[in-house]
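The values are calculated or read from the model by the stated rules, or taken from the named source; none is laboratory data. All of these numbers come straight from a predicted model, not from anything done at the bench. Backbone-built Cβ (ideal geometry, glycine too); neighbour counts: all protein chains shown. For the accessible areas, the whole protein counts, side chains as well, though only heavy atoms, and no ligand, DNA or RNA atoms are used. Shrake-Rupley method; radii C 1.70, N 1.55, O 1.52, S 1.80 Å.
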Amino acid sequence: MENWLGLLRIHIQRGVNLAIRDARSSDPYIVVKMGKQKLKTRVVSHNVNPEWNDLLTLTVSDLNTPVKLFAYDKDTFSFDDSMGDAEFEISPYLKALKMGLKDLPNGIIISKVQPNRQNCLAEESRIYFSNGKVVQDMVLRLRNVECGEIELQLQWIDVPNSKGL
């Protein structure tokens, strides 16, 4: 715990237009990896536009380790099918956190991250102040698949006795 900087809470909100991997639909879930950590959402059956609203929390010990997402279709009698992947850097978000902003009105935008060839953003990502916290909304376009996007939000959790940012 002494090497931790804090916790990154990832709110996996929904999938949009995910690939069909079964006869007419898919049973998607998301696996999130950061370094050696691996977490996953619940499976949403028969839905290519799933609403997960799952909160996954990762420990952060290296600011430069990317977060990787993998979408899968749950299968009962065979291996789960890949439905694409994406990754993102947390450094722009952590840079905004390090500003130490407090008591800002809700919705004040602190920073923006533009989509480019080096990230998986489908649209501009905003880092803003919400309910006393700095959060970042993202829409990630899945790679290595014909279609699909994942919507999520990042939030930082300070941990007592951690190194902090």
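In the chain, helical runs assigned H by DSSP with n ≥ 4 each contribute -39500 (n - 2.57); averaged across all residues and rounded to the nearest 500, the mean residue ellipticity at 222 nm is -1500 deg cm²/dmol. Ordered by 1.4 Å accessible area with all protein chains kept, VAL60, VAL113 run largest first as VAL113, VAL60.
For region 38-86, the per residue solvent-accessible surface stands at 56 Å², with DNA, RNA and ligands left out and a 1.4 Å probe. Pairwise Cα distances in region 24-75 exceed 14 Å in 54 percent of cases. Here region 43-109 is treated as a Stokes sphere of Kirkwood radius computed over C-alpha pairs; at 20 °C and 1.002 mPa s its diffusion coefficient rounds to 137 µm²/s.
Here LYS74 and ILE157 are evaluated by their C-beta separation; at R0 = 41 Å the FRET efficiency comes out at 0.90. Surface composition of the chain: carbon plus sulfur atoms contribute 47% of the solvent-accessible area (1.4 Å probe, protein chains only, all chains present). Please go through region 51-109 and write out the chymotrypsin sites (Phe, Trp or Tyr not before Pro) that DSSP classes as loop and that have at most 14 other C-beta atoms within 10 Å. Hits after loop and neighbour filter: PHE77, PHE79. Over the Cα atoms of the chain, the radius of gyration divided by the Kirkwood radius equals 0.99; this is the Rg/Rh ratio. Each of GLY35, PRO92, LEU142 was scored by the projection of its Cα onto the charge dipole of the chain, and the greatest displacement toward the positive side belongs to PRO92; charges sit on the C-beta of Lys, Arg, Asp and Glu.
Normalised by residue count, region 73-165 yields a Cα convex hull volume of 151 Å³ per residue.
Give me the accessible area per residue for region 106-165, probe 1.4 Å, as a whole number in Å². Mind showing how you got there, number by number?
On the way: 3380 Å² over 60 residues.
In whole numbers, region 106-165 has 56 Å² accessible per residue.
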